[in-house]
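As structure tokens, the structure follows; a few thoughts come after it.
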Amino acid sequence: MDTSRSYLEPSSFSKKIAATIIIVYTVITLIPISWMVMTSFKNVNSAISYPPEVLFEPSLEGYVNLLTNRSRQSPEYLDSLPPPENWYEELVRSREMVITGPSKFLGRYSNSMIIGFGSTFASVFLGALAAYAFSRFRVPLKDDLLFFILSTRMFPPIAVAVPIFIMYRKLGLGDTHLGMIILYTVVNLSLAVWLLKGFMDEIPKEYEEAAMIDGYSRLQAFFKVVLPQAMTGIAATAIFCMIFSWNEYAFAVLLTQFNAQTAPPFIPTIIGEGGLDWPAIGAGTTLFLLPVMIFTIILRKHLLRGITFGAVRK
Amino acid sequence: MSEKKKFKGLSDKAVGWLFIGPTVLLLLAINIYPLVYAIKMSFTNFYANKIGRVPEFVGLKNYIKILNKEAIWEKMQVTASFMFWTLLLQAIIGLGLALLLNRKFKGNELLTTLIVLPMMLSPAVVGVFWTYLYNPQVGLFNYVVNFFYDFGSFDMIGSSILAPWSIVIVDTWMWTPFTMLICLAGLRSVPNYLYEAAEVDRASKWQQFIYITLPSVLPFLLLALLFRGIENFKMFDMVVELTSGGPGSATELASINLKREAFEKWKTGYSSAFAVILFVTIFGFGNVYVKVMNKIKER
């Protein structure tokens with residue numbers, strides 16, 4: 001082998017070996033996720049067959065079970081009913097059950113959406129304001145303030161959950177959308193400030209100074225000149241805040257019960273007869289993970305930059 | 001200064017406070033106030049579920065009780081060994097993957113994105129679906145393991161010997177991409193002229209790796225491990241859904257125990273003291289770690 005080749009130009013042979021190992025790793029690491037998606041399209045019986053079935057007859061039973069509440073009935077009672085009106089009723093009847101109503105899943109899912117988008121908007125907006133000020137103005141104790149903002153991320157959620165629980169109970173914010181939006185906004189705020197400050201630092205000061213010489217006030221220059229310039233950074237930061245709020249579990253399970261509970265604490269509670277209903281859990285997991293996976297793949301460039309950001313900028 | 005007054009609208013100082021104010025106020029209200037409150041409560045025998053009862057000041061009693069409790073040290077040990085194995089595995093595999101990805105072969109950006117997917121998922125939901133993969137009767141994980149070597153029936157979650165490994169495997173699967181990405185950023189920041197100079201000096205590939213690549217990627221690896229260490233010390237969601245601390249207390253990490261004391265037994269005073277101890281521990285270790293890290297960087 002040519003020993004003069006360096007890290008700058010790896011030989012095509014070593015590239016091939018590297019690519020092979022990486023592809024094998026990628027396939028292995030994706031198996032658990034693919035398996036869950038596959039399970040969501042199985043019926044209850046093929047989900048618990050052993051050896052595990054790789055080829056199976058697709059079924060939407062998991063999705064039907066996820067979205068409905070059902071009760072078991074005697075064959076006599078089922079015979080006395082009028083024929084099923086649609087395919088999903090038919091499917092449920094074939095399991096000797098009837099649909100008693102919609103499940104809570106869609107409500108939990110929309111809570112996740114409302115709280116996710118609400119808190120993402122708030123933390124990115126407030127974070128952008130603070131980041132701009134830290135980037136442009138002489139702020140007293142700037143470094144201490146920035147470190148203080150970062151250090152709030154080190155608190156274990158459970159350490160502050162009890163006081164927040166008590167405080168929210170007094171303020172009437174317990175189990176409300178507003179309460180959870182405020183909480184997630186604050187948790188994300190430190191990250192938003194740090195990430196956005198990096199992006200703001202990259203925008204030349206001359207842009208807004210030119211605008212201000214043309215008669216813009218500082219505020220106008222910020223909203224009309226700086227914000228549009230920082231759009232890439234804002235998008236990257238927003239994805240991170242959204243993913244955090246979407247995935248958060250500890251606060252959601254401790255501080256909400258009925259009204260404002262998001263999907264992560266709900267999915268584990270989808271229990272069928274005689275244990276867990278794996279296709280339904282698979283369906284819930286798939287619907288829940290889908291937006292994040294699509295986001296990750298579409299916005300990968302922003303995302304990867306955001307993750308490595310702190311490290312690269314020191 | 002006189003030049004700046006020519007611009008219309010609020011002064012820069014006013015805009016500065018207007019912009020930073022809301023962030024600082026929110027952090028004070030939702031982060032610092034609860035922390036101070038928790039510290040205050042840690043010196044009392046407060047129970048958050050007994051609303052009428054006035055908490056009494058008990059001094060350091062809660063702290064003494066915790067530090068003398070055998071069970072607490074067991075939880076700390078469980079946490080420490082979870083952290084040790086996850087960080088070790090993630091460091092080795094993450095750095096290895098980063099070195100391979102740095103060869104810039106075709107399609108490596110797409111593969112990077114696919115490898116990163118697990119860390120974007122909700123840890124609680126990941127915990128739930130791994131209980132299915134680990135199922136002793138029908139689990140895919142058990143099937144694959146038995147396919148390569150027939151161990152017969154085994155229960156990753158139900159056995160107190162295997163359960164700690166079950167959470168290490170899931171955490172490593174989920175978070176190795178994080179170490180990998182940070183290391184990759186480190187590898188890409190190494191200036192090319194270092195390798196060019198090394199080649200002029202006829203350094204072998206191995207020497208280039210030991211004297212250039214490794215020292216430059218090390219600070220990045222250590223930083224990634226710091227982040228993961230803080231996160232895994234606080235680890236709660238994935239483990240709660242996967243093993244809920246069991247069997248017995250084989251996987252009961254400190255934060256799971258904290259949740260039980262605080263939200264199941266409602267011993268607010270006692271659990272606040274425990275929270276403060278955990279918090280001081282993270283800060284203490286974090287600080288020492290950062291100092292060591294900076295020393296390594298200076299070299």
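The values are calculated or read from the model by the stated rules, or taken from the named source; none is laboratory data. What you are looking at is a predicted structure, and each value in this text was computed from that prediction instead of being measured. Don't worry about glycine lacking a Cβ; one is built from the backbone with ideal geometry, like all the others, and counts go over all protein chains shown.
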Applying the selection to segment A:109-130, what residues are more than 28 Å from A:Asp201 (Cβ to Cβ) and aliphatic (A, V, I, L, M)? A:Met113, A:Ile114, A:Ile115
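Looking at segment A:188-201, is at least one residue in contact (Cβ under 8 Å) with a residue 12 or more places away in the chain, assigned to a helix (DSSP H, G or I) and either on the phi > 0 side of the Ramachandran plot or acidic (Asp, Glu) (or both)?
Filtering segment A:188-201 for residues in contact (Cβ under 8 Å) with a residue 12 or more places away in the chain gives A:188-201.
Next, only the ones that are assigned to a helix (DSSP H, G or I) stay: A:188-201.
Keeping just the survivors that are either on the phi > 0 side of the Ramachandran plot or acidic (Asp, Glu) (or both) gives A:201.
Yes, that holds for at least one residue.
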What single numbered condition from (1) touching a His at 6+ places or on another chain (Cβ under 9 Å); (2) buried (at least 21 other Cβ atoms within 10 Å of the Cβ); (3) assigned to a helix (DSSP H, G or I) fails to hold for A:Pro264? (1)
Which number in (1) over 19 Å from the mean Cα position of the chain (by Cα); (2) more than 7 Å from chain B (Cβ to nearest Cβ) marks the one condition that A:Pro163 misses? (2)
Positions within segment A:218-250 being in contact with a Pro (Cβ under 6 Å, 6 or more places away or on another chain) and either under 15 Å from A:Phe295 (Cα atoms) or surrounded by fewer than 23 Cβ atoms within 10 Å (Cβ to Cβ) (or both), in sequence order: A:Ala250
Is it true that some residue in segment B:160-177 is at the interface with chain A (Cβ under 9 Å from one of its Cβ atoms), among the polar types (S, T, N, Q) and crowded, with 21+ Cβ neighbours inside 10 Å? yes
Collect the residues in segment B:261-299 that are without any contact (Cβ under 8 Å) to a residue 60 or more places away in the chain, of a type outside the set (S, T, N, Q), surrounded by 14 or more Cβ atoms within 10 Å (Cβ to Cβ) and more than 8 Å from chain A (Cβ to nearest Cβ), keeping them in residue-number order. B:Glu261, B:Phe285
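Here is a yes/no grid of residues against (1) more than 8 Å from chain B (Cβ to nearest Cβ); (2) without any contact (Cβ under 8 Å) to a residue 24 or more places away in the chain; (3) assigned to a helix (DSSP H, G or I); (4) more than 21 Å from the chain's Cα centre (by Cα):
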site	(1), (2), (3), (4)
A:Ile31	no, yes, yes, no
A:Trp35	no, yes, yes, no
A:Thr39	no, no, yes, yes
A:Ser49	no, yes, no, yes
A:Pro52	no, yes, no, yes
A:Glu57	yes, yes, no, yes
A:Tyr63	yes, no, yes, no
A:Leu66	yes, no, yes, no
Meets criteria (surrounded by 11 or more Cβ atoms within 10 Å (Cβ to Cβ) and either touching a Leu at 6+ places or on another chain (Cβ under 7 Å) or more than 30 Å from B:Val24 (Cβ to Cβ) (or both)) for A:Ser80: no
Given the criteria under 23 Å from B:Phe283 (Cα atoms), away from chain B (no Cβ under 11 Å) and over 28 Å from the mean Cα position of the chain (by Cα), does A:Asp144 qualify? yes
State whether the residues of segment A:96-105 include one that is at pLDDT below 90 and within 21 Å of the chain's Cα centre (by Cα). yes
Residues of segment B:1-60 that turn out to be touching an Asp or Glu at 6+ places or on another chain (Cβ under 7 Å), farther than 22 Å from B:Phe263 by Cβ and crowded, with 16+ Cβ neighbours inside 10 Å, as a count: 0
Looking at (1) crowded, with 19+ Cβ neighbours inside 10 Å; (2) β-branched (Val, Ile, Thr); (3) more than 30 Å from B:Gly96 (Cβ to Cβ), can you tell me which one B:Val217 breaks? (3)
Would you check which residues across segment A:222-261 are under 20 Å from A:Leu106 (Cα atoms) and either of a type in the set (D, E, K, R) or not in a helix (DSSP H, G or I) (or both) and list them? A:Glu248, A:Tyr249, A:Thr256, A:Gln257, A:Phe258, A:Asn259, A:Ala260, A:Gln261
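So, in segment B:185-211, of the ones that are hydroxyl-bearing (Ser, Thr, Tyr) and more than 9 Å from every other protein chain (Cβ to nearest Cβ), which residue ends up farthest from B:Met293 (Cα to Cα)? Give the derivation first.
Restricting attention to segment B:185-211, the residues satisfying the condition of being hydroxyl-bearing (Ser, Thr, Tyr) are B:189, B:193, B:195, B:204, B:211.
Still in the running and more than 9 Å from every other protein chain (Cβ to nearest Cβ): B:193, B:211.
Working: B:Tyr193: 25, B:Tyr211: 18 Å.
Only one residue tops the list, namely B:Tyr193.
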Please tell me if A:Met154 is modelled with pLDDT of 85 or more, in contact with a helix residue (DSSP H, G or I) (Cβ under 8 Å, 6 or more places away or on another chain) and either within 12 Å of chain B (Cβ to nearest Cβ) or within 30 Å of A:Gly107 (Cα to Cα) (or both). no
Counting only residues that are facing chain B (nearest Cβ under 9 Å), more than 13 Å from the chain's Cα centre (by Cα) and at pLDDT 85 or above, how many does segment A:269-314 have? 4
Check whether at least one residue in segment B:131-145 is surrounded by 19 or more Cβ atoms within 10 Å (Cβ to Cβ), of a type in the set (Val, Ile, Thr) and at the interface with another protein chain (Cβ under 8 Å from one of its Cβ atoms), and report yes or no. yes
Does A:Ile158 qualify as being over 21 Å from the mean Cα position of the chain (by Cα), buried (at least 20 other Cβ atoms within 10 Å of the Cβ) and touching a residue at least 40 places away in the same chain (Cβ under 8 Å)? no
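Residues checked against (1) over 28 Å from A:Met242 (Cβ atoms); (2) in a strand (DSSP E or B); (3) touching a residue at least 24 places away in the same chain (Cβ under 8 Å); (4) in contact with a Cys (Cβ under 9 Å, 6 or more places away or on another chain):
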position	(1), (2), (3), (4)
A:Leu78	yes, no, no, no
A:Glu85	yes, no, no, no
A:Val98	yes, yes, yes, no
A:Ser110	no, no, no, no
A:Phe117	no, no, yes, no
A:Pro140	yes, no, no, no
What's the number of the condition A:Gly174 fails, among (1) within 10 Å of chain B (Cβ to nearest Cβ); (2) closer than 28 Å to A:Thr285 by Cα; (3) not in a helix (DSSP H, G or I)? (1)
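Does segment A:96-127 hold any residues that are farther than 30 Å from A:Leu191 by Cβ and surrounded by 16 or more Cβ atoms within 10 Å (Cβ to Cβ), and which are they? Before the answer, list the steps.
Let us first name the residues in segment A:96-127 that are farther than 30 Å from A:Leu191 by Cβ, namely A:96-104.
Within segment A:96-127, A:Met97, A:Val98, A:Ile99, A:Ser103, A:Lys104 meet the criteria.
Yes or no, residue by residue, for (1) touching a Phe, Trp or Tyr at 6+ places or on another chain (Cβ under 7 Å); (2) facing another protein chain (nearest Cβ under 10 Å); (3) within 24 Å of A:Ile267 (Cβ to Cβ):
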{"site": "B:Thr213", "(1), (2), (3)": "yes, yes, no"}
{"site": "B:Leu223", "(1), (2), (3)": "no, yes, no"}
{"site": "B:Gly229", "(1), (2), (3)": "no, no, no"}
{"site": "B:Glu252", "(1), (2), (3)": "no, no, yes"}
Please specify each residue of segment B:169-227 satisfying the condition of being β-branched (Val, Ile, Thr) and either on the phi > 0 side of the Ramachandran plot or in contact with a helix residue (DSSP H, G or I) (Cβ under 6 Å, 6 or more places away or on another chain) (or both). B:Val170, B:Thr172, B:Thr176, B:Thr179, B:Ile182, B:Val190, B:Ile212, B:Val217
